[in-house]
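This report concerns only the one structure given below.
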Amino acid sequence: MMDYQPTCDLTAMQARAKMYARIRQFFAERNVLEVETPILSQAGVTDVHLASVAAQRHVAGQLQTHYLQTSPEFAMKRLLASGSGPIYQICKVFRDDEHGRKHNSEFSMLEWYRPGFSLKELMFETTDLLSVCLQERFSELHPLVLSYKHAFQDRLNINPLQATLKQLKDTANRVGLNLDLGDDRLGYIDLLFSHFVEPSLGFDTPVFLTDFPPELASLAKVKQDQDGEWVAARFELYIEGLELANAYDELVDAEVLRQRFEQDNQRRADLGLSIMPVDEYLLAALPQMPATSGIALGLDRLLMVVTQQSRLDKVITFPAHLA
């Protein structure tokens with residue numbers, strides 16, 4: 001007989017309902033508007049590290065290929081440009097072929113945008129939200145702010161902002177990661193980060209990791225750090241070695257973003273990946289968007305922390321292979 005039952009128990013489902021209620025109350029008290037945007041879009045994400053799920057549907061009688069959102073970011077920015085003010089959304093997002101202890105190709109995300117907020121102010125608000133959601137686990141939260149560069153230097157004695165390809169390869173070999181990634185400098189940085197930096201973050205206290213390499217800016221602005229090195233104006237949140245959130249000082253220059261999309265698609269072509277259609281609606285809206293900080297937080301992973309589970313399937317009802 002086929003096993004039809006969910007992989008999580010009733011306690012996890014109840015904990016999710018309580019967490020969502022707390023999140024909605026948190027934002028209601030701060031006058032942040034809950035919004036809803038389409039899950040399907042004619043544009044896809046160009047990031048080479050993300051794979052969109054394609055779907056076909058008829059629009060005005062014509063069969064078109066659209067894409068399930070990897071994030072509600074593009075549509076929410078169109079709302080910001082239209083004068084929505086601060087907004088948030090709880091929704092499903094999709095990333096093709098991501099499965100494992102910490103991944104499922106369909107997952108739940110909380111995303112919110114704060115016009116006029118600096119990244120520091122957004123960190124404070126994120127800490128306040130965590131305190132509400134994790135109140136049964138932690139009486140107080142005092143997150144550590146750590147730069148990407150210093151995290152690398154502490155654990156691997158190398159500056160990823162300045163390291164040459166040879167230095168990165170030598171470091172990977174020194175720590176036993178004997179993989180040949182060719183001339184992919186960012187690939188080596190990501191390999192070292194995922195194996196030796198990320199797993200150590202956020203065990204004593206939550207960690208806000210800041211100032212990423214500028215090549216990892218994605219939709220964030222770039223700036224100079226205190227040492228005069230160019231970095232991406234973004235942060236990620238880690239608790240117990242688990243990445244929970246990703247935040248940007250949002251780029252509002254449409255021409256720069258178009259260049260980034262084109263560079264992404266060129267790299268996709270070089271890697272044999274499909275070229276993704278660019279969101280022209282977003283590019284048209286961007287000049288009208290106010291200066292904004294925004295953040296995306298993985299709700300399934302946050303629920304793992306709330307319920308002290310080590311596997312994603314213990315907090316979701318039906319993983320992809322059982323859906």
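Could you please find all residues in segment 23-58 being surrounded by 16 or more Cβ atoms within 10 Å (Cβ to Cβ) and not in a loop (DSSP other than H, G, I, E, B)?
I23, F26, F27, S41, V53
When you go through (1) modelled with pLDDT of 95 or more; (2) touching a His at 6+ places or on another chain (Cβ under 9 Å); (3) within 17 Å of G241 (Cβ to Cβ) one by one for D190, which number turns out not to apply?
The number of the failed condition is (1).
Does segment 67-78 include one or more residues that are over 21 Å from L216 (Cβ atoms), out of contact with any strand residue (DSSP E or B) (no Cβ under 7 Å at 6 or more places or on another chain) and either surrounded by fewer than 13 Cβ atoms within 10 Å (Cβ to Cβ) or at pLDDT below 95 (or both)?
no
Regarding L177, is this residue more than 26 Å from S108 (Cβ to Cβ), among the hydrophobic types (A, V, I, L, M, F, W, C), free of Cβ contacts under 8 Å to residues at least 40 places away in the same chain and outside any helix (DSSP H, G or I)?
Considered against the rule, which asks whether it is more than 26 Å from S108 (Cβ to Cβ), among the hydrophobic types (A, V, I, L, M, F, W, C), free of Cβ contacts under 8 Å to residues at least 40 places away in the same chain and outside any helix (DSSP H, G or I), L177 comes out as yes.
Just checking, how many residues over segment 228-247 are out of contact with any helix residue (DSSP H, G or I) (no Cβ under 8 Å at 6 or more places or on another chain) and on the phi < 0 side of the Ramachandran plot?
2
Would you pick out the residues in segment 140-194 that are closer than 19 Å to V207 by Cβ and of a type in the set (G, A, S)?
S147, A151, S194
So is D270 more than 17 Å from H99 (Cα to Cα), buried (at least 22 other Cβ atoms within 10 Å of the Cβ), of a type in the set (D, E) and over 17 Å from the mean Cα position of the chain (by Cα) or not?
So D270 fails the test.
May I ask you to list the residues in segment 92-144 that are more than 25 Å from I39 (Cα to Cα) and among the acidic types (D, E)?
E121, E125, D128, E136, E140
Limited to segment 166-196, what total is found for residues that are farther than 22 Å from D47 by Cα and buried (at least 16 other Cβ atoms within 10 Å of the Cβ)?
6
Taking interchain pairs and intrachain pairs at least six residues apart, which have beta carbon atoms under 9 angstrom, with the first residue in segment 299-323 and modelled with pLDDT of 95 or more and the second aromatic (F, W, Y)?
As it stands, the answer is L299/Y20; L299/F107; D300/F107; R301/F107; L312/F107; I316/F107, since those pairs meet every condition given.
When segment 241-288 is examined, which residues are found to be over 24 Å from Y148 (Cα atoms), touching a residue at least 40 places away in the same chain (Cβ under 8 Å) and hydroxyl-bearing (S, T, Y)?
Y281
Looking only at segment 252-259, decide whether some residue is under 20 Å from S310 (Cα atoms) and not small (G, A, S).
no
In segment 103-133, what residues are surrounded by fewer than 18 Cβ atoms within 10 Å (Cβ to Cβ), out of contact with any helix residue (DSSP H, G or I) (no Cβ under 6 Å at 6 or more places or on another chain) and on the phi < 0 side of the Ramachandran plot?
Answer for segment 103-133, where residues must be surrounded by fewer than 18 Cβ atoms within 10 Å (Cβ to Cβ), out of contact with any helix residue (DSSP H, G or I) (no Cβ under 6 Å at 6 or more places or on another chain) and on the phi < 0 side of the Ramachandran plot: H103, E106, P115, S118, K120, E121, F124, T127, D128, S131.
The values are calculated or read from the model by the stated rules, or taken from the named source; none is laboratory data. For clarity, every value in this text was computed on a predicted model and none was experimentally measured. Here the Cβ is made from the backbone with ideal geometry for all residues, glycine too, and neighbour counts use every protein chain on show.
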